[in-house]
Ligand code: ADP
Ligand code: MG
């Protein structure tokens with residue numbers, strides 16, 4: 001599903017450099033990504049999402065080699081295929097929960113906000129126990145509820161790939177586990193592939209595999225033998 005080879009990436013200030021010789025992730029795999037702060041976890045997700053662009057090597061997601069797309073095509077690809085959940089949830093405070101879930105449709109002209117989209121939003125909110133809060137503003141939600149809104153938003157377009165960046169980072173461990181349950185059940189239901197960045201090692205046994213970014217610099221061969 002995701003195939004990275006000979007990836008070379010560097011920020012334009014020439015400081016941080018990420019190299020991933022080889023990484024294969026199967027469809028439906030649920031992967032935890034760990035590594036010290038500053039090791040490039042967020043950068044790797046942004047490369048897979050096509051927000052950042054590789055300087056060398058290839059990144060294939062499904063049948064698309066995103067490392068060779070132009071900016072507009074990468075953006076289209078991302079909207080259609082990638083669900084993103086960030087630690088900073090990027091909920092918009094002046095929008096209701098419903099509007100926050102539907103945000104991809106409100107900001108992308110290419111996506112038509114029709115009855116099936118609003119229905120999908122309602123179904124997701126119901127599955128995640130948020131259906132009675134659709135008209136609230138984010139300010140009146142708990143952190144765990146805000147997290148659920150972010151998950152609903154990420155899943156709304158039924159993405160093939162879900163990227164979560166420390167999505168449970170500021171939750172206590174009980175709430176973090178409950179959140180992960182919800183995310184995993186949504187991902188499983190759709191057969192999506194999940195890359196989940198976390199610092200919380202107590203969550204790791206919930207995943208098929210753990211990738212430690214600390215290994216990328218030192219070894220040419222990294223997890224990924226499927
Ligand atoms: P992690 O998520 O593992 O903590 P990041 O991927 O955010 O690490 O960052 C990896 C390195 O790249 C860090 O040294 C960080 O300072 C640097 N970095 C992150 N974003 C940028 C950017 N936009 N421009 C330049 N350097 C950056
Ligand atoms: Mg990060």
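The values are calculated or read from the model by the stated rules, or taken from the named source; none is laboratory data. Because the structure is a prediction, the values reported are computed rather than measured. Neighbour counts run over all protein chains shown; Cβ positions are idealised from the backbone, glycine included.
Inside the range 145-172, can you point out the residues that are in a loop (DSSP other than H, G, I, E, B), within 16 Å of ligand 1 (Cβ to nearest atom) and under 10 Å from the mean Cα position of the chain (by Cα)? Break it down stepwise before answering.
So in the range 145-172, the residues in a loop (DSSP other than H, G, I, E, B) come out as 156-160, 166-172.
If we keep only those that are within 16 Å of ligand 1 (Cβ to nearest atom) as well, we get 166-170.
Correct list: 166, 167.
Within the range 26-49, residues that are free of Cβ contacts under 8 Å to residues at least 60 places away in the same chain reach partners that are within 9 Å of ligand 1 (Cβ to nearest atom) and part of a strand (DSSP E or B) with beta carbons closer than 6 Å, at six or more positions or on different chains, in the pairs 43/18. Taking residue 99 as the residue in question, decide whether it is outside any strand (DSSP E or B) and closer than 22 Å to residue 171 by Cβ. So residue 99 fails the test.
Say we look at the range 194-213 and pick out the residues that are touching a helix residue (DSSP H, G or I) at 6+ places or on another chain (Cβ under 8 Å) and more than 14 Å from ligand 2 (Cβ to nearest atom); which of these is farthest from residue 30 (Cα to Cα)? By that ranking, first place goes to 202. Considered as a group, the residues in the range 21-38 that are touching a strand residue (DSSP E or B) at 6+ places or on another chain (Cβ under 9 Å) and within 16 Å of ligand 2 (Cβ to nearest atom) include one that is farthest from residue 201 (Cα to Cα), and that residue is 31. Among the conditions (1) crowded, with 19+ Cβ neighbours inside 10 Å; (2) under 18 Å from residue 187 (Cβ atoms); (3) at pLDDT below 90, residue 67 misses just one, which is (2).
If the requirement is being assigned to a helix (DSSP H, G or I), crowded, with 18+ Cβ neighbours inside 10 Å and either modelled with pLDDT under 90 or over 18 Å from the mean Cα position of the chain (by Cα) (or both), which of these qualifies: 80, 72, 125, 117? It would help to see each step written out before you state the result.
Values: 80 fails: crowded, with 18+ Cβ neighbours inside 10 Å; 72 fails: crowded, with 18+ Cβ neighbours inside 10 Å; 117 fails: crowded, with 18+ Cβ neighbours inside 10 Å.
So the residue among 80, 72, 125, 117 that is assigned to a helix (DSSP H, G or I), crowded, with 18+ Cβ neighbours inside 10 Å and either modelled with pLDDT under 90 or over 18 Å from the mean Cα position of the chain (by Cα) (or both) is 125.
Checked against (1) more than 16 Å from the chain's Cα centre (by Cα); (2) within 16 Å of ligand 1 (Cβ to nearest atom); (3) surrounded by 15 or more Cβ atoms within 10 Å (Cβ to Cβ), residue 37 passes all but condition (3). Evaluating residue 67 against the criteria (1) in contact with a strand residue (DSSP E or B) (Cβ under 6 Å, 6 or more places away or on another chain); (2) within 15 Å of ligand 1 (Cβ to nearest atom); (3) assigned to a helix (DSSP H, G or I) leaves one unmet condition, (2).
Regarding the range 151-160, can at least one residue be identified that is under 11 Å from residue 97 (Cα atoms) and buried (at least 16 other Cβ atoms within 10 Å of the Cβ)?
Let us first name the residues in the range 151-160 that are under 11 Å from residue 97 (Cα atoms), namely 152-153.
Cutting the leftovers down to buried (at least 16 other Cβ atoms within 10 Å of the Cβ) gives us 152-153.
The answer is yes; a qualifying residue exists.
So that you can scan it fast, the table gives a plain yes or no per residue for (1) surrounded by fewer than 24 Cβ atoms within 10 Å (Cβ to Cβ); (2) farther than 19 Å from residue 32 by Cα; (3) modelled with pLDDT under 90; (4) away from ligand 2 (no atom under 16 Å from the Cβ):
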| site | (1), (2), (3), (4) |
| --- | --- |
| 138 | yes, yes, no, yes |
| 141 | yes, yes, no, yes |
| 165 | yes, no, no, no |
| 168 | no, no, yes, no |
| 175 | yes, no, yes, yes |
| 190 | yes, no, no, yes |
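Here residue 182 meets the list (1) in a helix (DSSP H, G or I); (2) within 16 Å of ligand 1 (Cβ to nearest atom) almost entirely, failing just condition (2). Residue pairs whose Cβ atoms lie under 9 Å apart, sitting 6 or more positions apart in sequence or on different chains, and linking a residue in the range 119-142 that is touching a residue at least 12 places away in the same chain (Cβ under 8 Å) and at positive phi to a partner that is in a helix (DSSP H, G or I) and surrounded by 13 or more Cβ atoms within 10 Å (Cβ to Cβ), are 129/145; 129/148; 129/182. From the list 50, 15, the lone residue that is outside any helix (DSSP H, G or I) and touching a helix residue (DSSP H, G or I) at 6+ places or on another chain (Cβ under 7 Å) is 50.
Going by the conditions given, is residue 41 within 16 Å of ligand 2 (Cβ to nearest atom) and under 19 Å from residue 193 (Cβ atoms)? Here the answer is yes, as residue 41 does meet what is asked.
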